[in-house]
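First comes the structure, then the notes that go with it.
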Amino acid sequence: MLLMVDEIILKLRGFRLRDNQKLAVLCALKSDGSILQQIATGEGKSLIIAAISIISVLKGHTVNIVTSSSTLAKRDVESPPPKGCTDLYAAFGISASHVCVEDSGIRQNLYAACDIIYGDLTSFQRDYLLDTFYGMNIVGGRKFDVILVDEVDSMLLDQGSNMLYLSHEIPDFELLQPLFVRIWQIINAAVSTNGNVEFETDKVTRNVYDTLFYAIDLTQLKDLFDCTEFEAENLRMNLLREKIVESDGTFIDENVETINAQIEGIYEISKILKERLKFVVKQIFDQQKLFIPKHLHSFVRRHLIEFINNAKAAMFMKEGEGYQIDCAHMDSSISYEPRVIIVEQGTGVDLPTTQWSNGLHQFLQLKHGCRLSALSLKAVFISNVSFLKKYEHLYGFSGTLGAAAERAQLSEMYSLECVAIPSSLPKLLYEECSIVSESINEWISNVFEGLLIKLKANRSILVICESIRQVNTLSSAIKMHARKALKNDGNFLRYFENSILYRRDRETFDYGSGTKDLECGKIIFSTNLAGRGTDIKLCKELVQNGGLHVIVAFLPDNIRVEEQAFGRAARCGEPGTAQLIVLNDSEIPAHISRLKIHRNAEEVKRIQAVTTFYDNSIKVEEDCFEQFSVVFKALSAQMDSFEGCQGDMKQLLSRDLLDRWADWLDSQPRNGKDGKEKVAKAAKFVQTLNLPNQKPLRPLNRVRCGVLNAVVKNFVEAENDFDYVICNFPDSSIEAKYYKGFTIIKQTEITGRHDSAYLRVKELFDSARRGFLARSEGCQRDRSIIESYRQRDNQTRFSIDIFNQQQSEIAQLMQMFASSIDGLLGGRLDYDDFVQDVNSEEAALKVYEGFKDSGSIEGIKFADNFDERNIETFCKTNFVSNEKVLNLLKKAQSSESSIANLLNFDVIEQPILEEFWHELIQQNLIKDIQQHVFLNTTKIDKLNPAMADLLDKCCIKKPATEIPTTEMETKAETKTENLEIFFMNSMVSLDQKSWAEMNLQILNSAISNEGIETLKEIGAILYTQSAKLNESIEIEKADFSKFSYFTEMDLLEIGIPSSDASTIINSLCKNEIFIQKQNCFKLNSKANLETSGLIQCYAPIVEQVIKLKFAYTLAYRTMRQAYEEKNPIKIQLPTRSEAAASIMDLIDSGVFEYVNVNFKALNGEGHVSSVLNNAQYRLNSYLQTSPSSDKIINNYGKIDSCSSQIFQQFKGKSGIDKYETIDAKLVEIWKKMGASNLVSLQDTFLYTSHVATHIIEYMEKKWSSKMLWKIGKVATFAVFQLAVGGAIAMFTAGSGVFLSKFFISEGILYL
């Protein structure tokens, strides 16, 4: 057979196989089954592999050929001869192709039709797992027969411990986004503040841990409570013994009252320590925690340290070193969205479908602003070793099998014999002396000199770099160096200017295919892509001049990679040279021999570790997986007998089993010494896997199960599914509540807002809406955080804001669900909702007020039976007691008039800018007070053109030379202006581009008082005052009536025990923070809270309360300090309107009703027109007279033309009021996403494909009892009229014909 193959090669190629090639073929075919062969580079391995494959196929075998990358597999199949071998296969009637395509259907056909299949190892492993585990039948009946592995050293040694994991994504893990953003924020803050924020892993871990969990640091009890070492240890032991906390300090129970009762039951600790502990417990549970669902807490605890370490690693990783930001090129398609693409360091090959684990990939995505993907766990996997061992015949080939230790490793792991095949011609490679550079500049200079010497000899050079980044930086540096050194020698400079870069496997490299000869005078900078498997053909002149010269610009990790790189030169008996020019990164000078000795020793350790890792980890995991596989297949077969368990439902149940298996496997120690014990645990665990009631157990999977049941109208089962989630996973029940509301609508008739079924749905929907909106706000918050830290690498070719886009899309999706809820409950209309219809903000406000006056838009009103617990967050944020707020709310609830007063009532005692300014005037602390009015120029485009023009003419015009055009000019102008004058509202002087001063007299003459009030309300104009500090008054003399004193009661109100409150006051006085004044305490002018001496458990909140209670005092002192330091004076206190707006937070707490549209009070479109006409009349009265003429301006004449649009707005926000009996249906979410430009989420957001797959739409119910009752009434009346008409006709004998016809015709008409 070999002779026959040789004859065909002669016929098609014009040459025969060389003796050493024939020897390699015979060694393979005559071996007992498997063999590894070392064949020197340039000896034609591709032809050897083709010959073995042909003979194997002719002997009845099927052949798989593994290349080191998909690029080489495609090249070997698709390239024309001599690089490709398809002509040889065709001569024998043998079919060959590659399976490096994404389409599984194409791969299935290829496996069935082809005798020889090329591919990278990952492609073969993927298809095996999909075929045997998921039953996709891709490989079909193809056996594990003959496999030929090219570059076998890379496959079996460098990647010997690799495993292929089929990505198993769990939808729940998308909810970990806030955690990743928080960790990234902390790490970046630590770097950007030069250590002001802790960077050590344990400190960062504690920081993150405290934002996630209700926990106390058990290692800091002594300092926290100011107690002795003995008391702290005794407290720790009691907390653990009484099961109050876990070993990491996390509270087991999350009910504060229960915890306090447990604390009271501890007799071994003092009363004061108990009080302090209870105070700390309250503070811990008062904190707003980062929301991560509780069922993910154990996963987070397991991986938190890994996440933090990987965030640090991502911070310092550089693009081009191990990864690249680029579009993914897969098959013939291109994904144009930039992403993090791993680049395999050893081969330089892109791995677009591979991700780093344990958050590293996610942190790199955040770093560069890419789309954040969900974590994936390993569930289905196979190792390189196990896969290759499945084949009966394994033939491996490489140019470098390595040293004795590496060969022994191959022999031990794979039971393979290693053979070295002699070269056909002497190797004419001359290795020049290696150069070790001690600095980057020296390294660049050495590489340049090496290049120049070879160019002067009219040769070409291949420079192999360690990474893409090194290719970019070295090639650029060499060009710059050449421009300086060769500025008078353009002949050689052009070689450097025209150097070739080969960095990625998708880039075109004309000289790498063997079809184009390399000319003289070429410089090629490349990653290791050109160092392995690349056949560079040389032109005759280049061969005569000494051949190709290879410079390896780094020290390779092992001798095999080094020899592979050098093997690009002196191929097939041609001359060539090679040289190492490396940079010594260590501070100690080293010779190349020392560096290589160290390198080789490390490689021996790594090779030895491969076997150990395989035996102790990989093999154990595969044995565990085998246990699961058996049970899973049995359960899959069992599913086929379940009623209604086909298609999506079966996939869901299978996925739930995989989720549970993956979570268990992840929870097991990775490096356990006892593999048998782990396998036994796996066997025990898989026996617990079942499908109780044919239902998934994980919360989001159960929601999906309910949706599937609802879609097929199995509403009772669906409601049970949603109840399971609501009861067992309350913090993951947003979607369950949303869809449960749908099942209630479908099972009952709802005709109005007072129906009991409606009230049940409303309770569910209110909770779900808050959840959806909270997620939407979280996305916007995460977007702002990541944007502030996003890194822009000058080597990245993209301006990336994909993360921003992703978060905006998710926020929009959450708003879609919230709007769906509004379709039933009704929604809110605020004045800005009318701006687009009436074309100006001031008109929108008047229209809004008109509807409010008519009752169509209702004011603030209390929600029915609001939950008092919902105000806790509001009270915590504003340092006010729950009891005080509740009393005020109940008082307001008792009468309608009190509700209006509530918005202007000081529910929260807080500092107000206008009040502070008034006190400054009263106490003569400021002087030379002047009245001003400013135009908010950012609002101009939102006003009616006539109004905008009028306001512009009221502005005081500055000469063009005085108007700052840039931010820097604005700051410079601020510095040079008279800093003595300052404004109550400081932004008017600090942001002069947004605020223009107006002539008050002209404004008052041009616009009516009502018009001015409207403009003030929408923020278009601002009335403020300016003043100067009265520096003659000493700081200590300032004595404000509010926010300028402190009492012990302030401490008692925040829960500090009375005994400790007195101690704190004494400590603050002793440390000169407070000065006692009669029955209260004033703030010392030299107070420094850092020296307060407060007990640590009280310090944070006491300091916050001090800053609040002395807000006016501190604000005034800040003003004086800025004046003395000649800085602009700014008053940073909330305005009255900003403070009053805080009461609106109670809407989010469910205290006030969210819905404000009263559709029943809107008597049709005519009522809308009436409101618009009235608003138009009032608006026209605003514009009194133009400041430049007596002409009356009237430009609001088109408002009444938008009545139809506004009526539709009301209808859209009216909820159930527009239906007699409401009905609902589920619509696939992707249909809505397309209309909202959210298509990109469909394939990238698991939430829309695995959880919330449908959205609710509402309609009138067709056959409701109410409608049937109406039809029955009409039919009865019609029948009655027919009967009357017939009776008249019968008994009047013709005299009542007219009357009888009337009744009969009316009866027919009703029918």
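The values are calculated or read from the model by the stated rules, or taken from the named source; none is laboratory data. Since the structure is predicted, the reported quantities are computational estimates derived from the model, not experimental observations. Because the Cβ atoms are built from the backbone with ideal geometry, glycine has one as well, and the counts that use them run over all protein chains shown. Please note that ligands, DNA and RNA were not included when accessible areas were found on the heavy atoms of the full protein model with its side chains. Shrake-Rupley method; radii C 1.70, N 1.55, O 1.52, S 1.80 Å.
Of all the residues that make up the range 510-532, how many are outside any strand (DSSP E or B), surrounded by fewer than 24 Cβ atoms within 10 Å (Cβ to Cβ) and touching a helix residue (DSSP H, G or I) at 6+ places or on another chain (Cβ under 6 Å)? Selection size over the range 510-532: 3. Within the range 231-256, the residues that satisfy the criterion of being surrounded by 13 or more Cβ atoms within 10 Å (Cβ to Cβ) and polar (S, T, N, Q) are Asn234, Asn238, Thr250. Within the range 440-464, the set of residues being under 16 Å from Ala477 (Cβ atoms) and open to solvent by 50 Å² or more (accessible area, probe 1.4 Å) comprises Ile440, Asn441, Glu442, Glu449. The set of residues in the range 56-81 that are under 48 Å from the mean Cα position of the chain (by Cα) and either over 17 Å from Phe124 (Cα atoms) or part of a helix (DSSP H, G or I) (or both) comprises Ser70, Thr71, Leu72, Ala73, Lys74, Arg75, Asp76, Val77, Glu78, Ser79, Pro80, Pro81. The single condition among (1) buried (at least 17 other Cβ atoms within 10 Å of the Cβ); (2) part of a loop (DSSP other than H, G, I, E, B); (3) of a type outside the set (Phe, Trp, Tyr); (4) in contact with an Asp or Glu (Cβ under 6 Å, 6 or more places away or on another chain) that Leu1172 does not meet is (2). Each residue in the range 1062-1116 was checked for being among the aromatic types (Phe, Trp, Tyr) and open to solvent by 20 Å² or more (accessible area, probe 1.4 Å), and 1 of them qualify. The strands (runs of 3 or more DSSP E) found wholly in the range 338-432 and carrying at least 1 residues that are closer than 30 Å to Ile183 by Cβ occupy 376-383.
If you filter the range 468-509 down to residues that are open to solvent by less than 60 Å² (accessible area, probe 1.4 Å) and among the β-branched types (Val, Ile, Thr), you find that the one that is nearest to the chain's Cα centre (by Cα) is Ile468. Contact map, the range 1046-1061: first residue without any contact (Cβ under 8 Å) to a residue 60 or more places away in the chain and under 19 Å from Asn1079 (Cβ atoms), second residue of a type in the set (Ser, Thr, Tyr) and assigned to a helix (DSSP H, G or I), Cβ cut-off under 7 Å, separation 6 or more or different chains; pairs are Glu1048/Ser1062; Leu1052/Ser1058. The condition of being in contact with a Pro (Cβ under 7 Å, 6 or more places away or on another chain) and surrounded by 15 or more Cβ atoms within 10 Å (Cβ to Cβ) holds for only one of Glu275, Glu319, that being Glu275.
Restricting attention to the range 824-837, does a residue exist that is outside any loop (DSSP other than H, G, I, E, B), in contact with an Asp or Glu (Cβ under 6 Å, 6 or more places away or on another chain) and of a type in the set (Val, Ile, Thr)?
From the range 824-837, those outside any loop (DSSP other than H, G, I, E, B) are 824-825, 831-837; that's our starting set.
Among the residues that remain, those that are also in contact with an Asp or Glu (Cβ under 6 Å, 6 or more places away or on another chain) are: 835.
In the following step, the residues that additionally are of a type in the set (Val, Ile, Thr) were identified as 835.
So far as the range 824-837 goes, yes, one or more of its residues are outside any loop (DSSP other than H, G, I, E, B), in contact with an Asp or Glu (Cβ under 6 Å, 6 or more places away or on another chain) and of a type in the set (Val, Ile, Thr).
Here the condition is being modelled with pLDDT under 95, closer than 27 Å to Lys294 by Cα and in a helix (DSSP H, G or I); of Glu719, Glu735, Glu763, it holds for Glu763 alone.
In this structure, is Asp210 assigned to a helix (DSSP H, G or I), open to solvent by less than 80 Å² (accessible area, probe 1.4 Å) and not hydrophobic (A, V, I, L, M, F, W, C)? Spell out how you get there, then give the answer.
Numbers: assigned to a helix (DSSP H, G or I): yes; open to solvent by less than 80 Å² (accessible area, probe 1.4 Å): yes; not hydrophobic (A, V, I, L, M, F, W, C): yes.
In short, yes.
When the residues of the range 106-123 are narrowed to those that are outside any loop (DSSP other than H, G, I, E, B) and among the charged types (D, E, K, R), which ends up most open to solvent (accessible area, probe 1.4 Å)? It would help to see each step written out before you state the result.
At the first step, the residues of the range 106-123 found to be outside any loop (DSSP other than H, G, I, E, B) are 106-113, 116-123.
Filter once more, keeping what is among the charged types (D, E, K, R): 107, 120.
Numbers: Arg107: 5, Asp120: 29 Å².
Here the answer is Asp120.
Considering only the range 124-137, state which residues are open to solvent by 10 Å² or more (accessible area, probe 1.4 Å) and either aromatic (Phe, Trp, Tyr) or assigned to a helix (DSSP H, G or I) (or both). Break it down into steps so the answer makes sense when it comes.
First, pick out the residues of the range 124-137 that are open to solvent by 10 Å² or more (accessible area, probe 1.4 Å): 126, 128, 130-137.
Of everything in the range 124-137, those that are open to solvent by 10 Å² or more (accessible area, probe 1.4 Å) and either aromatic (Phe, Trp, Tyr) or assigned to a helix (DSSP H, G or I) (or both) turn out to be Arg126, Tyr128, Leu130, Asp131, Thr132, Phe133, Tyr134.
For the range 812-831, taking the residues that are at pLDDT below 90 and open to solvent by 30 Å² or more (accessible area, probe 1.4 Å), the one that is farthest from Met1259 (Cα to Cα) is identified as Tyr831. For the range 727-746, the criterion of a residue being of a type in the set (Lys, Arg), touching a residue at least 60 places away in the same chain (Cβ under 8 Å) and either crowded, with 18+ Cβ neighbours inside 10 Å or under 25 Å from Tyr1219 (Cα atoms) (or both) is satisfied by at least one position. Please go through the range 635-647 and give me each residue that is under 25 Å from Phe381 (Cβ atoms) and either at pLDDT 90 or above or surrounded by 13 or more Cβ atoms within 10 Å (Cβ to Cβ) (or both), ordered by number. The answer is Leu635, Ser636, Gln638, Met639. Residues in the range 454-477 that are farther than 23 Å from Tyr323 by Cα, in a helix (DSSP H, G or I) and in contact with a strand residue (DSSP E or B) (Cβ under 9 Å, 6 or more places away or on another chain): Lys454, Leu455. Scanning the range 801-838 for residues that are over 15 Å from the mean Cα position of the chain (by Cα), more than 24 Å from Thr751 (Cα to Cα) and among the aromatic types (Phe, Trp, Tyr) yields Tyr831, Phe834. Can you say whether Val197 is at pLDDT below 95 and not in a helix (DSSP H, G or I), as far as the supplied structure shows? Criteria met by Val197. A residue that is polar (S, T, N, Q), surrounded by 12 or more Cβ atoms within 10 Å (Cβ to Cβ), modelled with pLDDT of 90 or more and not in a helix (DSSP H, G or I) occurs somewhere in the range 925-939. The requirement of being in contact with a Cys (Cβ under 9 Å, 6 or more places away or on another chain), among the charged types (D, E, K, R) and at pLDDT 90 or above is satisfied by Glu997.
For the range 1106-1118, indicate whether the set of residues that are closer than 30 Å to Ala843 by Cβ, assigned to a loop (DSSP other than H, G, I, E, B) and either touching a helix residue (DSSP H, G or I) at 6+ places or on another chain (Cβ under 9 Å) or not acidic (Asp, Glu) (or both) is non-empty. Walk me through it before giving the result.
Taking the range 1106-1118 and keeping what is closer than 30 Å to Ala843 by Cβ, we get none.
No, the range 1106-1118 contains no residue that is closer than 30 Å to Ala843 by Cβ, assigned to a loop (DSSP other than H, G, I, E, B) and either touching a helix residue (DSSP H, G or I) at 6+ places or on another chain (Cβ under 9 Å) or not acidic (Asp, Glu) (or both).
Of the residues making up the range 1002-1047, just one is surrounded by 16 or more Cβ atoms within 10 Å (Cβ to Cβ) and among the charged types (D, E, K, R), namely Lys1028.
For the range 977-996, a residue qualifies if it is open to solvent by 60 Å² or more (accessible area, probe 1.4 Å), more than 37 Å from the chain's Cα centre (by Cα) and touching a residue at least 24 places away in the same chain (Cβ under 8 Å), and the qualifying residues are Glu980, Ile981.
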